[in-house]
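Asker: Here it is: the structure, laid out below.
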Amino acid sequence: MRILVMDGAPAGADAQAVIACLVVQDGVPTLLASRVATGRGAAEQFPQLATDLFAQCGWTHAMPELVGVVVGPGSFTGLRASLAFAHGLSVGSGCAVVGVTAGEAMRDAMQAAALPFSALSLCCTIARRGRVFIEMPGEGAATQVEAHMLDTLALPAGPLLLAGNGAQWVHDAVAGRDDVHILPLMQPDPLAIAATALRRWQGDLPPLAAQPLYVDAPEAKLPAAGLRPAPVPPPA
């Protein structure tokens, strides 16, 4: 099976959006090639980077059989750009599109690192306005993601292992605790994304819509006076 994976979730000037081509042999993904786009709007480069990757791997745009894409939490623009491209490929070639969260894709690495501490793993993602998204990926269960203010952060009882691009923020916010550890893993690698997408596609993980995972409620609101009436057609 040929898999294309995309992670456009990282946000900010230091963001690293990743796109990669992999093949599955005997149930195990193998990386063929990858590209990294950096900075704000990095995921918007995915269509051109995919063309470059396909040429390197001898693929065409019709050849990916599965697209695994990180649905969040993370950059509003990056998630929309990567998912729009994924669904565009699906419409054009008929390939399946599977969404995974950042925490789901990092779960195995986090749990392996947490084992010596008997720690609970938390995936921490930088958010706007002094907040952080904290994801608690579960084994065989739907992932849980919540937004927290850093200055009033209350974490579960420890020991804890933090990963993700917001791990240092969270660690600093609870500096008085000695039972909180950091795994220096900022985001999932392509192999982990592909393996998680494959598990979901095979039905080994609960279903998850391949749509942006927005933790916050929509900020746009309907006008107080209601919507304007529909236009009235001119008389015949």
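The values are calculated or read from the model by the stated rules, or taken from the named source; none is laboratory data. Fair warning: this is a prediction, and the values are worked out from it, not measured in the lab. Protein only, heavy atoms only, side chains kept; ligands, DNA and RNA dropped before computing areas. Shrake-Rupley method; radii C 1.70, N 1.55, O 1.52, S 1.80 Å.
Asker: Out of GLU44, GLU146, GLU104, any idea which swings most in a Gaussian network model of the chain, alpha carbons joined below 10 Å?
Answerer: Judging by the Gaussian network model, the answer is GLU146.
Asker: Once the convex hull of the alpha carbons of region 164-236 is built, what does its volume come to per residue, in cubic angstrom?
Answerer: 247 Å³
Asker: For region 103-164, divide the Cα radius of gyration by the Kirkwood radius and give the resulting Rg/Rh value with two decimals.
Answerer: 0.97
Asker: For region 54-209, what is the percent of antiparallel DSSP beta bridges, rounded to the nearest 5?
Answerer: Given both bridge residues lie in region 54-209, the antiparallel proportion sits at roughly 45 percent.
Asker: Give the share of C-alpha pairs in each 5 angstrom bin for region 49-108, from 0 to the last occupied bin, in whole percents, shortest bins first.
Answerer: 4, 18, 23, 24, 18, 11, 2
Asker: Take the chain, compute every pairwise Cα distance, and split them into 5 Å bins from 0; I just need the percent in each bin.
Answerer: Binned Cα distances yield the sequence 1, 7, 14, 17, 17, 14, 11, 7, 5, 3, 2, 1, 1, 0, 0, 0.
Asker: Using a Gaussian network model of the chain whose springs link C-alpha atoms within less than 10 Å, name the residue from ALA11, ALA55, ALA43 with the highest mean-square fluctuation.
Answerer: ALA55
Asker: Then there's this: Under a 1.4 angstrom probe, counting protein chains only, how are LEU31, LEU153 ranked by accessible area, largest first?
Answerer: Result, largest first: LEU31, LEU153.
Asker: Right, here's the next one. Return one quarter of the surface area of the convex hull spanned by the alpha-carbon atoms of region 1-93, equal to its mean projected area, in nm².
Answerer: Over every viewing direction, the Cα hull of region 1-93 projects on average to 5.5 nm².
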